[in-house]
Amino acid sequence: QVQLVESGGGSVPTGGSLRLSCTASRRTLSNYALGWFRQAPGKEREFVAAISWNGENTFYADSVKGRFTISKESTETTMYLQMNNLKPEDTATYYCVGGRWFNTNRERDFGHWGQGTQVTVSS
């Protein structure tokens, strides 16, 4: 059974930083790429970033490139999303996801989802 649990959400002012964590079972990490999607109220869910199972390759949405960094060590059970220079438009529920491929932004390519963690950026 694949399990993904997010943590680290919260409220920050514009320009602030947060680090999200996603803890997965060891079986998940040995076989899956991991990533993040987000969904703001009244908007469609959108891709944020993804990382290969060994942590060596990453893929970002243009909207977060240069501000967000996804990372994990191949031997660790936790993946991180460091979010800097946050903007009000980053406000959303962030979901940790697992799938076969890291270099995709399609929801259907990620078959495993966490429950989500809320990020709120005030202006």
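Keeping all protein chains in place, calculate the accessible area per residue for the chain (probe 1.4 angstrom), answer in Å².
53 Å²
Suppose every Lys and Arg Cβ carries +1 and every Asp and Glu Cβ carries -1, with no other charges. What dipole size does region 41-109 come out with about its Cα centre, to the nearest 20 debye? List each step's numbers first, then the result.
Working: 9 positive and 10 negative charges, 22 e Å.
Charge dipole, region 41-109, about its Cα centre: 100 debye, nearest 20.
Would you list the P(r) distribution for the chain, with all Cα-Cα distances sorted into 10 Å bins from 0 and each bin expressed as a whole %?
That works out to 15, 51, 29, 5, 0, in percent per bin.
Among 94-102, 12-20, what's the highest-first ranking by average C-beta atoms within 10 angstrom per residue? Before the final figure, lay out the partial values.
Details: 94-102: 20.6, 12-20: 14.8.
The densest-packed peptide leads the list: 94-102, 12-20.
How many angstrom separate the Cα center of region 73-112 from the Cα center of region 10-69?
Here the two parts' Cα centres lie 2 Å apart.
Over the chain, with every protein chain in place, what whole percent of the accessible area is carbon and sulfur at 1.4 Å, could you tell me?
Percent of accessible area from carbon and sulfur atoms in the chain: 43.
Cα convex hull of region 1-65: mean projected area in nm², to one decimal? If you can, show how the numbers build up before the last one.
On the way: hull surface 22.6 nm².
Orientation-averaged projected area of the Cα hull: 5.7 nm².
In what sequence, highest mean first, do 105-117, 45-57 appear when ranked by Cβ atoms within 10 angstrom? All intermediate terms of the calculation are to be shown ahead of the outcome.
Working: 105-117: 15.6, 45-57: 18.5.
Order by mean packing, descending: 45-57, 105-117.
For the chain, what does the relative contact order come out to in percent, with C-alpha contacts under 8 Å and a separation of six or more?
35 percent
The values are calculated or read from the model by the stated rules, or taken from the named source; none is laboratory data. Keep in mind the model is a prediction, meaning the values are calculated, not measured. Because the Cβ atoms are built from the backbone with ideal geometry, glycine has one as well, and the counts that use them run over all protein chains shown. What goes into the accessible areas is simple: the full protein's heavy atoms, side chains included, and nothing from ligands, DNA or RNA. Shrake-Rupley method; radii C 1.70, N 1.55, O 1.52, S 1.80 Å.
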